[in-house]
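Have a look at the structure below before the remarks.
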Amino acid sequence: MKTNKKTILILISLMPIFLLSNCVSVQELPKVAARSDPAEIQQSASVAKRFQESASQIQNPTVIESAMELSKKHVILSEEVAVLRQENKELIVQKQQLKDQVVALEAQLQQTQKELTEANDVLITMRIELNNWKVDILGFRDEIRNAETAQLEALLKILKVLGGEVRTKSAKGEDTSSTAVASLGKTDQSEN
């Protein structure tokens with residue numbers, strides 16, 4: 001019952017518009033003294049036909065049919081508006097979720113960058129310590145060689161004092177005396 005009243009109300013409100021559109025009179029165009037180009041005459045004729053066709057199409061349906069057609073279009077457009085509003089609300093919610101996600105990801109990114117910076121600092125410190133350790137070990141290696149050479153010299157002297165005969169092989173495989181061993185130790189020191 002309500003829809004019938006609404007339809008009747010819409011029809012009554014649209015009726016004066018249709019009546020006024022049917023009462024429009026066509027004015028005659030003034031005659032032009034100058035000749036027009038045939039292309040212009042043909043173009044103006046096609047434009048006039050377009051408007052006459054649309055006017056005749058408007059006049060053909062009755063006022064009630066036109067009102068019914070407009071009310072159907074109104075219903076369709078109202079449904080489309082409702083769907084678009086719902087989509088808009090969903091997009092707004094999705095946009096807010098994405099903003100929240102971006103904020104969370106930015107916080108994670110900052111934390112990760114901070115941890116990466118700390119890890120890089122630790123790595124640099126460890127590398128410096130490793131290089132220092134290598135330098136210390138290489139320095140001790142020379143000291144250990146010197147100490148071993150001194151021990152060998154002391155053992156050779158002890159053997160000589162005890163009356164033993166000492167023969168050593170050099171790196172080249174030749175037999176040499178105890179002085180050669182001492183000189184080898186000194187050459188090792190001078191090389192490093």
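How much length is gained if the chain between Glu148 and Ile17 is pulled fully straight, taking 0.36 nm per residue apart and subtracting their Cα-Cα distance, in nm to one decimal?
Computed gain between Glu148 and Ile17 is 35.1 nm.
Stretching Leu105 away from Val83 to a fully extended chain increases their span by 4.7 nm, per 0.36 nm per residue minus the current alpha-carbon distance. Each label point was placed 7 Å from the Cα along the Cα-to-Cβ direction; for Ile124 and Thr7 their separation is 8.2 nm. The distance between label points at Val93 and Val161 comes to 10.0 nm (points 7 Å beyond Cα on the Cα→Cβ vector).
Throughout, read-outs are computed from the coordinates displayed, never taken from laboratory work. Just so it is clear, the structure is predicted and the values come from calculations on it, not from any experiment. Glycine gets a Cβ as well: all are built from the backbone with ideal geometry, and neighbour counts include every protein chain shown.
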